[in-house]
Amino acid sequence: MLLEGKKALIFGVANNRSIAYGISSAFRREGARLAFSYMGDAIKKRVEPISEELGGDFTFQCDVSGDEQIGRAAELVKEKWGSVDVLVHSVAFAPKEDLQGRFLDTTREGFRTAMEISAFSLTALCRAFEPLFNPGGSVICMTYYGSQKRIPNYNVMGVAKAALESSVRYLASDLGEKGVRINAISAGPIKTLSASGISDFRVILDYIETHTPLRRNVTIEEVGNVALFLASDLSSSVTGDIIYADSGFQTVGM
Ligand code: NAP
């Protein structure tokens, strides 16, 4: 099995439609040990059954908007596991009002929130967990093509994803000194809880069905399999990269 005995921390399972659920299922299938974060008590009730279903070792609270909580999470993981092999960052947030209409109208607070939770949190997590990483470790985060090209209503999240992708390139060098890799998966649109915050998301899904080489949308299982490759030693030479799991959409000009 590709991840036999590897310890994988998963940030960002909200329910069984989450991309992180697809990733965790693939990891589980290939023998990984799993631990799941949840943001607050209300979400704990949703994450715990998923952890049980996937044979998770433990769950822990972590709102990635605060260094204190991130620090406490790292302490707890150190106590429970001692070290970590894989960290999945599948977290993003922007206020709903900033995911519609004109980008020009983005609020200062909405911009700050989107950048902090969707982009800076990756660096904060990498810094907190750096001492726990085993050599050969792998960090994986989730991005979207709206970072590269303007997508209607994606707005401030596109800017945050551009910052996230750039962070991946800088972090790759820092983490690489210890033999730890970091990559992003740029997934095609998938109907999840977060995606439902983007205005007219259905239009984006329909467009993909007629305009991509594969003429269909991607599934969380397919994204999970790409994450499996990035988490495993099969990708031992790949770091600082953005891998597209998008039915080929980003290759099409017209
Ligand atoms: P999802 O199921 O709603 O997952 C998003 C997760 O982010 C939720 O678990 C949410 O927790 C968590 N989160 C938000 N704010 C947080 C905070 N302050 N601290 C900790 N966790 C927080 O949606 P998803 O589509 O799978 O999103 C996962 C990732 O994939 C995101 O980075 C997203 O941008 C990216 N992505 C999505 C698509 C798509 O079309 N769906 C495409 C490409 C990339 P709560 O449930 O507790 O709020």
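Each value in this text was obtained by applying a stated rule to the coordinates, not by laboratory testing. This is a predicted model, so every value here is computed, not measured. Note that each Cβ is placed from the backbone with ideal geometry, even for glycine, and that neighbours are counted across all protein chains shown.
Here S37 meets each of (1) within 10 Å of the ligand (Cβ to nearest atom); (2) surrounded by fewer than 20 Cβ atoms within 10 Å (Cβ to Cβ); (3) among the small types (G, A, S) with one exception, condition (2). Considering the conditions (1) touching a helix residue (DSSP H, G or I) at 6+ places or on another chain (Cβ under 9 Å); (2) more than 12 Å from the ligand (Cβ to nearest atom); (3) more than 23 Å from V13 (Cβ to Cβ), R108 is excluded by exactly one of them, (1). I'd like to check something: does segment 170-182 contain any residue that is aromatic (F, W, Y) and surrounded by 23 or more Cβ atoms within 10 Å (Cβ to Cβ)? The answer is no; no qualifying residue exists.
Restricted to segment 142-160, and to residues there that are assigned to a helix (DSSP H, G or I) and more than 10 Å from the ligand (Cβ to nearest atom), the residue that is surrounded by the most Cβ atoms within 10 Å (Cβ to Cβ) is N155.
The listed residues are F11, F58, and the only one of them that is more than 17 Å from the chain's Cα centre (by Cα) and either of a type in the set (F, W, Y) or closer than 27 Å to Y144 by Cα (or both) turns out to be F58. On the basis of being within 12 Å of the ligand (Cβ to nearest atom) and among the charged types (D, E, K, R), does K191 make the cut? Here the answer is yes, as K191 does meet what is asked. Between a first residue in segment 34-48 that is closer than 12 Å to C62 by Cα and a second residue that is assigned to a helix (DSSP H, G or I), which pairs have beta carbons less than 6 Å apart while being 6 or more apart in sequence or on different chains? Once the first residue is closer than 12 Å to C62 by Cα and sits in segment 34-48, its partners that are assigned to a helix (DSSP H, G or I) give F36/V47; F36/S51; Y38/K44; Y38/V47. For G55, the criteria (1) surrounded by fewer than 20 Cβ atoms within 10 Å (Cβ to Cβ); (2) within 26 Å of R169 (Cα to Cα); (3) touching a residue at least 24 places away in the same chain (Cβ under 8 Å); (4) away from the ligand (no atom under 15 Å from the Cβ) hold in every case but one, which is (2). Assessment of segment 45-52 against the conditions (in a helix (DSSP H, G or I) and near the ligand (Cβ under 10 Å from one of its atoms)) yields at least one matching residue. From the list Y144, Y154, the lone residue that is within 30 Å of M254 (Cα to Cα), touching a Pro at 6+ places or on another chain (Cβ under 9 Å) and of a type in the set (F, W, Y) is Y144. Evaluation of V139 against the conditions (1) within 12 Å of the ligand (Cβ to nearest atom); (2) surrounded by 15 or more Cβ atoms within 10 Å (Cβ to Cβ) shows that the sole unmet condition is (1). Under the condition of being part of a loop (DSSP other than H, G, I, E, B) and either free of Cβ contacts under 8 Å to residues at least 24 places away in the same chain or exposed (fewer than 14 other Cβ atoms within 10 Å of the Cβ) (or both), the residues counted in segment 200-233 number 5.
Restricting attention to segment 195-218 and to residues that are in contact with a helix residue (DSSP H, G or I) (Cβ under 9 Å, 6 or more places away or on another chain) and among the small types (G, A, S), the residue that is nearest to the ligand (Cβ to nearest atom) turns out to be A195.
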